[in-house]
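Beneath this line is the structure, given in structure tokens, with notes to follow.
Since every read-out is calculated from the coordinates, none of them should be taken as a lab result. Since we're looking at a predicted model, the values are computed, not measured. Reconstructed Cβ throughout: ideal geometry from the backbone, glycine too, with neighbour counts over all protein chains shown.
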Amino acid sequence: MEAMEKNTILIADDAEINREMLKFIFDEQYSIIEARDGEEAISCIMENSDKICLTFLDLLMPKKSGLDVLRFMNEADYIDFIPVIMITGEATDETDEKAYEYGASDIIYKPFAPNVVMRRAKNIMELFEHRIYLEQKLEKRTRQLRESREKLERSNEFLINALSSVVEFRSLESGEHIQRIKYFTRLLLKHIMEMYPGYGITEEQAALIVNASALHDIGKIAIPDSILLKPGRLSEDEFAEMKKHTMYGCELLEKFKQDDNEFYHYCYDICRYHHERHDGNGYPDNLKGDEIPIWAQVVAIVDVYDALVSKRVYKDPFAAEEAARMIIDGECGEFSPEVLDCFVNAKQELFTMTEDEFSFADVMVR
């Protein structure tokens with residue numbers, strides 16, 4: 001219920017004369033609810049919270065005091081949208097401090113002047129109404145921005161998948177290599193984040209890395225069909241040309257370079273370094289150890305695993321267990337101990353996903 005639709009004032013006071021005085025001030029403009037003790041006041045608040053625009057609360061009442069009621073309102077979050085004015089003739093510095101601590105908007109001391117009470121009450125209601133209006137406006141704007149961002153992220157992911165699928169189409173692959181790489185990357189990042197939090201990868205960063213992994217082979221667009229689709233072993237010169245796909249991809253990405261864009265840097269690093277190896281025997285820059293960004297190391301190992309378990313124009317697929325053994329034994333190049341630890345931990349999940357027949361495109365949206 002919006003604040004402007006609230007038109008009820010709760011007057012909680014055990015003295016009838018005090019209730020009548022406050023009722024006389026406000027009953028021409030507002031509906032009035034009365035409570036004779038603290039427990040009755042709490043019941044009124046719970047039953048009418050969507051209508052009450054202001055509560056007058058006596059400090060000393062039977063059953064529950066005004067501070068008890070105020071504490072309840074604070075703990076139940078009613079105080080966030082129902083302003084409270086404490087009415088008292090026996091206040092102390094300690095009770096005043098407690099009242100404000102629990103969320104009272106104002107304290108009025110008996111005896112009170114009707115005009116002063118009216119003015120202060122009006123000011124508090126207007127301030128609350130304005131604050132709630134601003135909060136609702138901010139919440140709406142935040143929701144719109146979140147929806148716009150999510151829509152943009154979905155659009156970006158669609159374009160990334162479409163662009164990366166061009167390579168699959170040219171390579172005569174099944175069309176799911178990119179989805180498998182993204183899924184395996186997400187899985188391995190989960191283990192990296194759990195086992196090695198020192199890398200400082202957040203959930204938000206992991207989502208960016210997963211999307212960036214789709215572009216790891218984008219440079220293969222520039223590789224001639226005679227090499228890309230060759231069914232047999234590549235010659236030395238052909239392999240040298242094939243290895244250039246890492247740099248071709250970076251040249252393509254640089255056309256869209258944004259220095260302050262985190263996603264661009266993940267794309268660039270993964271594209272350039274996903275064939276680097278921990279011992280420096282990879283390409284194109286022969287990086288070693290931690291010189292290779294961790295996100296590129298993750299994509300590197302899942303790319304090797306997927307290549308081993310997939311049918312290609314030049315090979316039949318290996319069984320998942322055999323592919324894992326080859327990677328762990330270093331037959332496909334050396335990976336860092338940390339990445340291998342996470343790979344071993346994720347092994348069973350990798351096997352399950354490799355052997356299941358359902359579409360990875362469906363898995364990625366679960």
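Site pair ASN7 and VAL116 shows an inter-label distance of 3.1 nm when each label is modelled 7 Å from Cα along Cα→Cβ.
Each part gets one Cα centre, and for the stretch 257-314 versus the stretch 35-81 those centres are 62 Å apart. Set against the labelled values [x] 1.06; [y] 1.61; [z] 1.23, Cα Rg over 2.2 N^0.38 Å computed from this structure falls on [y]. Taking label points 7 Å from Cα along the Cα-to-Cβ direction, THR202 and TYR109 give a separation of 5.0 nm.
Charged side chains reduced to their Cβ positions (Lys and Arg at +1, Asp and Glu at -1) give the chain a dipole of some 1080 debye around its Cα centre. Once both labels are positioned 7 Å from their Cα atoms along Cα-to-Cβ, the gap between GLN348 and GLU39 label points is 5.6 nm. Projecting the Cα positions of PHE72, ILE201, ILE107 onto the charge dipole of the chain (unit charges on Cβ atoms of Lys, Arg, Asp and Glu, taken about the Cα centre) puts ILE201 furthest along the positive direction. Restricting the calculation to Cα atoms, the stretch 54-141 yields a radius of gyration followed by a Dmax of 13.9, 45 Å. Electrostatic bookkeeping for MET118 treats Lys and Arg as +1 and Asp and Glu as -1; over the other residues with beta carbon under 15 Å from its beta carbon, the sum is 0. Listed by Cβ neighbour count within 10 Å, with the fewest neighbours leading, LYS244, LYS257 appear as LYS257, LYS244.
Length, then width, then depth: along the principal axes, the Cα atoms of the stretch 48-95 run 31, 21, 18 Å. Summing Cβ point charges (Lys, Arg +1; Asp, Glu -1) relative to the Cα centre of the stretch 172-363 gives a dipole of roughly 380 debye.
For the stretch 3-141, the dipole from Cβ point charges (+1 on Lys and Arg, -1 on Asp and Glu) about the Cα centre works out to 520 debye, to the nearest 20.
The antiparallel fraction among DSSP beta bridges confined to the chain stands at about 5%. Which parts of the stretch 300-339 would a label at ASP279 reach, counting a residue when its backbone N lies under 16 Å from a point 7 Å out along Cα-to-Cβ? What the label zone holds, given the 16 Å backbone N cut-off, is 326-338.
What FRET efficiency would be calculated for the residue pair GLN29, ASP341, taking the C-beta separation as r and a Förster radius of 51 Å, to the nearest 0.05? Calculated transfer efficiency: 0.10. Computed extension gain for PHE239 through MET46, at 0.36 nm per residue and net of the alpha carbon distance, reaches 62.0 nm. Available extension along the chain between GLU150 and LEU138 is 2.5 nm, counting 0.36 nm per residue and deducting the alpha carbon span. Across the stretch 186-203, computed HN-Hα scalar couplings (Karplus, 6.51 cos²θ - 1.76 cosθ + 1.60, θ = phi - 60°) run 4, 4, 5, 4, 4, 6, 4, 5, 6, 8, 9, x, x, 5, x, 7, 8, 4 Hz from first to last residue, x flagging Gly and Pro. What the phi angles of the stretch 132-137 give under the Karplus curve with 6.51, -1.76 and 1.60, with θ = phi - 60°, is a coupling list of 5, 4, 5, 5, 5, 5 Hz, glycine and proline written as x. For the chain, adding -39500 (n - 2.57) for each run of n ≥ 4 DSSP H residues and dividing by the number of residues yields -18500 deg cm²/dmol at 222 nm. Projected onto planes of every orientation and averaged, the convex hull of the alpha-carbon atoms in the stretch 5-53 covers 3.1 nm². First check a/c for the stretch 203-348, with a ≥ b ≥ c the square roots of the eigenvalues of its C-alpha gyration tensor; if it is under 1.5, answer rounded, and if not, answer prolate when a/b is larger than b/c or oblate otherwise. Here the stretch 203-348 falls in the oblate category. Along the axis of the charge dipole computed for the stretch 172-363 (Cβ charges of +1 for Lys and Arg, -1 for Asp and Glu, origin at the Cα centre), the listed residues VAL304, LEU187, PHE343 are led at the positive end by VAL304.
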